[in-house]
Amino acid sequence: MLLNLAQSRRALFFGGKGGVGKTSVASTTALAAARAGRRVLIVSTDPAHNLGHLWQRSIGADIVELRENLYGTEIDPEATVEEHLAAVGETLYSVMPENLRGEVKRHLELSRQAPGTHEAAILERIADLLVLGLRDFDLVVFDTAPSGHTARLMALPEIMNSWVEGLLRNRQKSEKFAAAVRGLEHDTNRDHLVETRGQDPLIERDLRIRRILLRRQSRFETLRDTLRDASLVSFVIVTNAERMPVLESAQLYEQLTASGVDVGGLVVNRRSPADAGSFLAERRALEDSTLELMPSTLTGLPMVELPLLPGELSGEEALGRFADLLV
Ligand SMILES: Nc1ncnc2c1ncn2[C@@H]1O[C@H](COP(=O)(O)OP(=O)(O)OP(=O)(O)O)[C@@H](O)[C@H]1O
Ligand SMILES: [Mg+2]
């Protein structure tokens, strides 16, 4: 199932409850695809990165080669927020009058701590890496943060899009009003903005703001459409055969499908062996009964079970052995 998805899609997201094995399964799938000859980029979107630990090397914000055909990068939330705010600042400075510079600066300082800023910055970085990945790689694998965060992230392009749309509508109203007051008219058609260089600086500013908003809107639209394109992108839910992760997986499934994201499969990781002593056999039986209670939304998904390993899963060799189990 995982290899199938890795062959048929251009981007795969791995998500699920904390600690179930998202990073391990995402890395294993990426490795298996790279071995099969695909050029793969693995991206960790989780601020608490484990990708470097798993690959036994430091990774960081730049794209590094992990092995033949396989590249990795970790989104650095702090640096991403700084970059994001710098870009927003540049935009604001370019459209606001000089005397409001202090105001803009204060606004940016507050934004750094504001709820949502982190998420917006990470989302923009994901959007960039998705575009870059689709252009330069055969497959992009996203190792995501625990469920709640990721489900919100997937819904965000739509939310941001509506938000920008609202801003544009408000601006349009105020522009029309301002133009009427001044006895001026300008073309507000989004595709045919009139260049008014040398004209009223206020109108020029309004048009620049509108152009910036339209660019942002089109970026979010592209991201949303890409995330919803099941022929390109699919989401794999990783879980353990335990009550809480299964409940959280069912919730994640609902949230993802509500956002229009295709859920391509379910990985049940860390299955206890039935033939390694009575303790593990008992656990196995408990897992079986948990899986039997899984809601039909999840049981309807293509599923793969991965065994509990005796040792730690770390380094390419261990990942390679794990990857052999995917086929
Ligand atoms: N099948 C397995 N058998 C044994 N250990 C495993 C298995 N899968 C993962 N692990 C181990 O479990 C731990 C958690 O795995 P991993 O980091 O992949 O989970 P995660 O879902 O990415 O966690 P987080 O939510 O913190 O990002 C790691 O130490 C990993 O080596
Ligand atoms: Mg992880």
Exercise for the section: Name the residue, out of Ala32, Ala11, Ala26, that is under 14 Å from the mean Cα position of the chain (by Cα) and more than 16 Å from ligand 2 (Cβ to nearest atom). Expected result: Ala11
Exercise for the section: Looking for whichever is within 23 Å of Gly15 (Cβ to Cβ) and open to solvent by 50 Å² or more (accessible area, probe 1.4 Å) here; the options are Pro302, Pro310. Which one fits? Expected result: Pro302
Exercise for the section: Give segment 35-50 a look and list any residue that's out of contact with any strand residue (DSSP E or B) (no Cβ under 6 Å at 6 or more places or on another chain) and near ligand 2 (Cβ under 9 Å from one of its atoms), or say none. Expected result: Asp46, Ala48, Asn50
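A quick yes/no check of all residues on (1) modelled with pLDDT under 95; (2) exposed (fewer than 14 other Cβ atoms within 10 Å of the Cβ):
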{"residue": "Gln255", "(1), (2)": "yes, no"}
{"residue": "Arg284", "(1), (2)": "no, no"}
{"residue": "Thr290", "(1), (2)": "no, no"}
{"residue": "Glu317", "(1), (2)": "yes, yes"}
{"residue": "Asp324", "(1), (2)": "yes, yes"}
Practice task
Please identify the pairs in which a residue from segment 132-160 that is part of a helix (DSSP H, G or I) has its Cβ atom under 6 Å from the Cβ atom of a residue that is of a type in the set (Asp, Glu) and open to solvent by 30 Å² or more (accessible area, probe 1.4 Å), counting only partners at least 6 apart or on another chain.
Solution key: Ser147/Glu248
Problem - Number of the condition not met by Gly102 [criteria: (1) away from ligand 2 (no atom under 16 Å from the Cβ); (2) without any contact (Cβ under 8 Å) to a residue 24 or more places away in the chain; (3) in a loop (DSSP other than H, G, I, E, B)] - result: (3)
Exercise for the section: Give the residue, chosen from Gly16, Gly21, Gly60, that is on the phi > 0 side of the Ramachandran plot, in contact with an Asp or Glu (Cβ under 8 Å, 6 or more places away or on another chain), of a type in the set (Gly, Ala, Ser) and within 16 Å of ligand 1 (Cβ to nearest atom). Expected result: Gly16
Exercise for the section: Determine whether Leu123 is touching a helix residue (DSSP H, G or I) at 6+ places or on another chain (Cβ under 7 Å) and either open to solvent by 10 Å² or more (accessible area, probe 1.4 Å) or hydrophobic (A, V, I, L, M, F, W, C) (or both). Expected result: yes
Completion exercise
Exactly one of Arg283, Arg215, Arg224 is closer than 23 Å to Thr28 by Cβ and in a helix (DSSP H, G or I), and that residue is Arg283
Handout entry: Test result for Ser314, among the hydroxyl-bearing types (Ser, Thr, Tyr) and either part of a loop (DSSP other than H, G, I, E, B) or touching a His at 6+ places or on another chain (Cβ under 9 Å) (or both)
Key = yes
Completion exercise
By my count, strands (runs of 3 or more DSSP E) wholly in segment 13-92 with at least 2 residues that are closer than 27 Å to Met303 by Cα and at pLDDT 95 or above are 40-44, 70-74
Exercise for the section: Would you tally the residues in segment 24-46 being open to solvent by 30 Å² or more (accessible area, probe 1.4 Å) and touching an Asp or Glu at 6+ places or on another chain (Cβ under 6 Å)? Expected result: 2
Problem - Hits in segment 270-292 (condition: touching a helix residue (DSSP H, G or I) at 6+ places or on another chain (Cβ under 8 Å), of a type outside the set (Val, Ile, Thr) and closer than 21 Å to Gly18 by Cβ) - result: Arg271, Ser272, Leu291
Handout entry: Selection within segment 8-23 - open to solvent by 10 Å² or more (accessible area, probe 1.4 Å) and either over 24 Å from Leu309 (Cα atoms) or among the hydroxyl-bearing types (Ser, Thr, Tyr) (or both)
Key = Ser8, Arg9, Arg10, Thr23
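Yes/no matrix, rows are residues, columns are (1) charged (D, E, K, R); (2) under 30 Å from Asp225 (Cβ atoms):
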| position | (1), (2) |
| --- | --- |
| Ala250 | no, yes |
| Tyr253 | no, yes |
| Ala258 | no, yes |
| Ser278 | no, no |
| Thr297 | no, yes |
| Leu306 | no, no |
| Leu313 | no, no |
| Asp324 | yes, no |
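When you go through Thr290, Thr257 one by one, which is the residue that is over 30 Å from Arg135 (Cα atoms) and either away from ligand 2 (no atom under 16 Å from the Cβ) or not basic (Lys, Arg) (or both)?
Thr290
The values are calculated or read from the model by the stated rules, or taken from the named source; none is laboratory data. Values in this document were obtained by computation on a predicted structure and should not be read as measured data. A quick note on method: Cβ atoms are made from the backbone with ideal geometry, for glycine too, and the neighbour counts reach across all protein chains shown. With ligands, DNA and RNA removed, areas are computed over all heavy atoms of the protein, side chains included. Shrake-Rupley method; radii C 1.70, N 1.55, O 1.52, S 1.80 Å.
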